[in-house]
Every structure is written in structure tokens, then in C-alpha cells.
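Enquirer: This is the structure I want to talk about, given as C-alpha cells.
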Amino acid sequence: MKSIRQEVLKIVAEQAVLDVSDIDLAASMESLGIDSLGLVEVIFAIEEQFDISVPFDSGQPANGAFDLSSIETIISGVQHLIEQKALLVDG
Amino acid sequence: MKRVVITGQGTINALGENVPDTLAGFREGRLGIGPLSFPDVERLTVRIGGQINGFRAEDHFSRHEISFYDRFTQLALFAAREAISQSGLIFADALAESSGVVLGTAGGGLQTQDENYRAVYEQGKNRVHPFVVPRLMNNAAASHLSIVHNLRGPSFTVASACASSNHAMGQAFNLVRSGQAPVMITGGSESMLCFGGIKAWEGLRVMSRDACRPFSANRNGMVQGEGAAIFVFEDYDRARARNADILAEVAGFAMTSDASDIVMPSKQGAARAMSGALRDAGMASADVGYINAHGTGTIANDKTECAAIAEVFGADADGLMISSTKSMHGHLIGGTGAVELLAAIMALREGVIAPTIGYQRADPDCALDVVPNTARDAKVTAVLSNAFAFGGLNAVLALRAI
């Protein structure tokens, strides 16, 4: 759990050009200065890092199954996707 | 109609990372072609090219910029800095509103395509970086140039294979000449030196494995190069009014189509393009002292081009110098006419004719003065620069000293 959090924070921090320690878990991507293209890059980096597929369509960001409203929701979304993947692999 | 002049030039290619180093290479007859270096080169039969060594994107662009810039865009932006800085222009207000950029490229973001096809087909990856499309699109270099330099007027990209840059510069010329734009940034960029880029050319069997020797009886094909050259085309009156350093006048331009074969060039198409450029510039054939030839080093091109020159210039061909600088920097495909225009301008400004290097044996089918191996001092006041593309699309620029 801790490492997922750390990895997501690292990805977001790199995109926002900030230190990991400066990122508030409640912050939105927008408040960190990450625009829509930056968000697409963050999602790509998360997919690459965890080998998961994040359900996200930039045309309808609010309608996706993945909650992008804060760093905290992104982390729990990633955790959920990793658990689902583990279930599929085990099953 | 306005007169059009060149007030800035910039480049990066196998001979140098700026104009002075490139012109020094032309004067020395320096060979910029060498062993290629990139992944899987050992699987190619053609392993030489005019590759730029030592250029590191990280030294010139931020990580964020690089995520959007394919190498062909990087090279165009790099060359444009030199050109625009030389011109002394800053694009703001009304000038920014009406100035634009027309660039030539044949392959666009081919390196990006190559890398990402590798990722999905060879490595079996199921996702690619989100910016693959904006990186690979052919207009990426022109668009980023407009963004970086605040050019808000007409901008687009021309793709006509090996004539792309000449076609692009012809469009820029006409935009300034007609008064639609006071200033146009123009030229071309190409970066095809990757496994897929060379492999495709290998298939055509027009590539040399040892050297590019245009017009020499023992020539055995073309050698690819990479790079960019960018120019500032400006309304003459405007340039004079601001006391700009004028490098040369773009006096005329013509384009023709062979309408015959998709790869074999036609003498008639090339000849009509040259005579059209002379007519457009109001030049007599006797006025022209130098032609920067297309001179690819293939038998088909060189024979056809020499025959076309002989037809257009008649008895005046005897006093005419022609050379192919592709022997030094390689064939930059869609960027080639732009880099070669540097040699045409050097002839007018410095009175130095760039040589055709690698020349070993006279060919009766190319019985013209090809300035073999050594640069020559000569005063010329009018020059042509030829580009003849696969697909039979020909574009010739005529320049005059000023």
C-alpha cells in the first residue's frame, strides 16, 4: 500500500515539477498546475508503472469509473485496479 | 509585387551545428558522411549516412518540450533560433499577426513512428505514450515554430518527398511576394536515420553502401543525411527600411510535374522547372553562374539532370558551374533543398562555389563543370537551386546577389 502511494506521488510530483513532500493528498490535479494533457501523461505513467489499464476518457473525464478528483482518490483507484488484476490472475 | 529577400539563415546537419561551420565544411569539401549509429544498424545492408553526432536534445530543450518534439522538430527549432536571431526580428503585434512558417518534410516524425511501432509490434506493448500523434504529425515542426516564435499568420507543411523544402520555400516566397505576409520563416527538416527509415530505402536499391559520388562515372547511389535549414524570407522594402543585413534576393520560383513515372525522373519536367524559374526571375540563362544540383548520385537522376541543364542552358552550359553538396551532407530527403540553399547563398555572398566531393571519374553523360572535389572562388550574381522528387514533382528556386 505504501509503495503504491509513494509511486503515484512520485509520478504526480514529476509532472507538477514539485517535491513529493510538497504534495497534499487532498489536492486536485488542477490545483497542482497539471492541465488536461498533463493528466493524460500522469495516467500513462501510472499504467506503465503498475501495468494496469485506467478507465479514462479525456473527452468525458467526469464520467469515467476512475475518480480523478484528488491525489487520494487516484491512489485508492489505483489500489482497486491492482487488487482486481490480482484477482483475475489468481482466479 | 514585392521583392523578397533573405535576412536570416540557420542550420544543423552532418557538416555543422550552425551556418558558419556548415559553410566551412563546404569550403573545405569536408565529408560529413560516416558509419550510422542507432539500434539494429547491423541488420541493414546500408550502414552509412550523414548523421548529426553530438546533438543532445536535453542540452537545448526541457523535458516537457522533448515529450512533444520528435527529432525532426528539435532540428527545425534549433536551426530556426539561429536564423531568427540573425534576422534581428521579434514577432509581436502586427508583424506577428501576419507572419507565418512554411516547412518541408517528407517523413515528419518518423523516429517517433519507428520507436512506437517497435514498442507495440516487436516488444508486444499494449500502450504508447499519449503524445505520439502530436509528435509524429508532419506539421509538428511548423506548429512548434509558430508557437515558440509567436507566428500567427499562414503556417503549414509541404510534403513532396525530396522537393519538400523547395516547394515550401516557393510557397513562402509567393506569400511574401504577393504581400500576404511581410515575413515568412521557411525551409525544411528531416530525420529518417533510424532502422525503419533506412530499411525502407534499402528496398528501392538506390542506396550506396560506400559513398555518394554525384556525376562521377563510378557512382553507385545516394546516401541519406539528416538535419534542417531555416530561412527568414522578408519583404525587401521592409528589410531595407529596418537596415537589415540582406543575404540574397529570392528572385524566382517554378514548379512542374513530370506526370509520367512514380520514381524515374524526366528530363522534360526538370528542364521546364529550371526554365520556369529563370522566366519567373527575369533572368537569362547567361546570367546564371552556378546551379546547386539535385545531384543524388543515382544514375537516373544525374544523367537526367545534366541532360535537362544542357537543354535549358544550351551553349551557356559551358560557362556554368554545377555541384551537389549531397556528396558532403547526404540526401536530407524533405529537408535537402533547404540545406542546399546555404551553398547557393554562399556562392552569391562569398564567391565560393561548394564542390562535388567523391568525384573520381568523368562521365560523358554528365559533361558539365561539376566543380570536382575542391571548392572554387568565382564571382556569380545569379544561381539556381534544383530539387526533383520521387513522384515527378520538381521545384527550382532562382536567387540573385544583392
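Enquirer: For every helix of n ≥ 4 consecutive DSSP H residues, a contribution of -39,500 (n - 2.57) applies; sum these over the protein assembly as shown, divide by its total residues, and give [θ] at 222 nm rounded to the nearest 500 deg cm²/dmol.
Expert: Mean residue ellipticity at 222 nm (helix-derived): -11500 deg cm²/dmol.
Enquirer: State the Cα centre-to-centre distance between the stretch B:1-20 and the stretch B:285-342 in whole Å.
Expert: 19
Enquirer: What's the lysine pair count for chain B at a Cα cut-off below 23 Å, pairs eight or more apart or interchain? Mind dumping the intermediate values first?
Expert: Numbers: B:Lys125/B:Lys199; B:Lys199/B:Lys326; B:Lys267/B:Lys303; B:Lys267/B:Lys326; B:Lys303/B:Lys326; B:Lys326/B:Lys379.
Lysine pairs meeting the criterion: 6.
Enquirer: What are the residues of the stretch A:20-55 that lose 30 Å² or more of accessible area, with a 1.4 Å probe, going from their chain alone to all protein chains?
Expert: A:Leu37, A:Glu41, A:Phe44, A:Glu48
Enquirer: Roughly speaking, what is the centre-to-centre gap between the stretch B:73-99 and the stretch B:121-165 when only Cα atoms are used, to the nearest Å?
Expert: So the separation of the two Cα centres works out to 18 Å.
Enquirer: Still on this structure: Going Cα to Cα from A:Lys10, which aspartates and glutamates come in below 12 Å? Please leave out same-chain ones fewer than 8 positions away.
Expert: Result set, ordered by chain and number: A:Asp19, A:Asp22.
Enquirer: Please go through the stretch B:278-363 and write out the trypsin sites (Lys or Arg not before Pro) that DSSP classes as loop and that have at most 11 other C-beta atoms within 10 Å. Working shown, then result.
Expert: Numbers: sites: B:Arg279, B:Lys303, B:Lys326, B:Arg349, B:Arg361; in loops: B:Arg361.
When the trypsin sites (Lys or Arg not before Pro) of the stretch B:278-363 are filtered for loop state and at most 11 Cβ neighbours within 10 Å, B:Arg361 remain.
Enquirer: Find, among the GluC sites (Glu not before Pro) in the stretch A:21-82, those assigned to loop by DSSP (not H, G, I, E, B) with at most 11 other beta-carbon atoms within 10 angstrom.
Expert: On the way: sites: A:Glu30, A:Glu41, A:Glu47, A:Glu48, A:Glu72; in loops: none.
Here no loop site has a sparse enough neighbourhood.
Enquirer: Also: Only bridges with both residues in the stretch B:4-241 count here: give the DSSP antiparallel percent, nearest 5.
Expert: Working: 20 of 31 bridges.
Of all bridge pairs located within the stretch B:4-241, approximately 65 percent are antiparallel.
Enquirer: Please find, in a Gaussian network model of chain B (springs between Cα atoms separated by less than 10 Å), the residue of B:Met328, B:Met169, B:Met264 whose mean-square fluctuation is greatest.
Expert: Comparing B:Met328, B:Met169, B:Met264 in the GNM, the peak value goes to B:Met264.
Enquirer: If you count only protein heavy atoms with a 1.4 Å probe, what accessible area per residue comes out for the stretch B:252-400, rounded to a whole Å²? Intermediate values should be presented prior to the final figure.
Expert: Values: 4820 Å² over 149 residues.
Ligands and nucleic acids excluded, the figure is 32 Å² per residue.
The values are calculated or read from the model by the stated rules, or taken from the named source; none is laboratory data. These numbers come from a predicted model, not from an experiment. Here the Cβ is made from the backbone with ideal geometry for all residues, glycine too, and neighbour counts use every protein chain on show. For the accessible areas, the whole protein counts, side chains as well, though only heavy atoms, and no ligand, DNA or RNA atoms are used. Shrake-Rupley method; radii C 1.70, N 1.55, O 1.52, S 1.80 Å.
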